[in-house]
Amino acid sequence: METNTTTSRIRIADLNEIDRRGARTVRIHNTEIAVFRLSDGSVRALENRCPHKGGRLSEGMICGSAVHCPLHDWKIDLSTGRALEPDTGCVTAYPTEIDNESGAVYIVI
Ligand code: FES
């Protein structure tokens with residue numbers, strides 16, 4: 001873990017451990033975080049709890065830049081954590097970084 005005065009950068013996976021359009025989960029400071037890999041290879045991270053009734057977003061289907069909650073199909077923007085209209089609500093979205101040389105995936109919290 002690399003730390004500066006305001007944020008922590010935590011290695012959470014290797015890129016090849018997450019299938020495209022797939023997800024895995026990590027637990028950091030008692031918060032479960034879903035780490036998604038989009039079809040373009042980029043990575044996003046959200047709190048793994050739907051803003052509707054707490055569905056596990058990591059079990060949802062990735063469509064474009066959103067994940068469909070597996071419980072009632074709300075669509076959550078993978079970059080912002082906001083529910084797409086007509087629904088409302090938001091989960092925490094975490095910045096991610098990929099080390100292109102090692103393939104390490106980091107979350108910044
Ligand atoms: S719990 Fe996610 S849409 Fe209802």
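Readers should treat all values here as calculations from the given coordinates under stated rules, not as data from a laboratory. None of the values given here were measured: they were computed from a predicted structure. As a convention, Cβ positions derive from the backbone with ideal geometry for all residues, glycine included, and neighbour counts pool all protein chains shown.
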Spin-label point model (7 Å from Cα, Cβ direction): what's the E59 to T88 distance in nm? 2.8
Gain upon complete extension [E32, L71; 0.36 nm per residue less C-alpha separation]: 12.3 nm
Relative to the compact-globule estimate 2.2 N^0.38 Å (N residues), the Cα gyration radius of segment 9-108 stands at a ratio of 0.99
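If we count every other residue with Cβ under 13 angstrom of N16's Cβ, Lys/Arg +1 and Asp/Glu -1, where does the sum land?
Summing Lys and Arg as +1 and Asp and Glu as -1 gives -1.
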Residues other than L84 with Cβ under 14 Å of its Cβ, Lys/Arg counted +1 and Asp/Glu -1, net out at -2
What residues of segment 49-67 lie in the reach of a label at D19, counting those whose backbone N is under 13 Å from a point 7 Å from the Cα along Cα→Cβ? 59-62
Given charges at beta-carbon only (K, R positive; D, E negative), |dipole| of the chain in Debye: 260
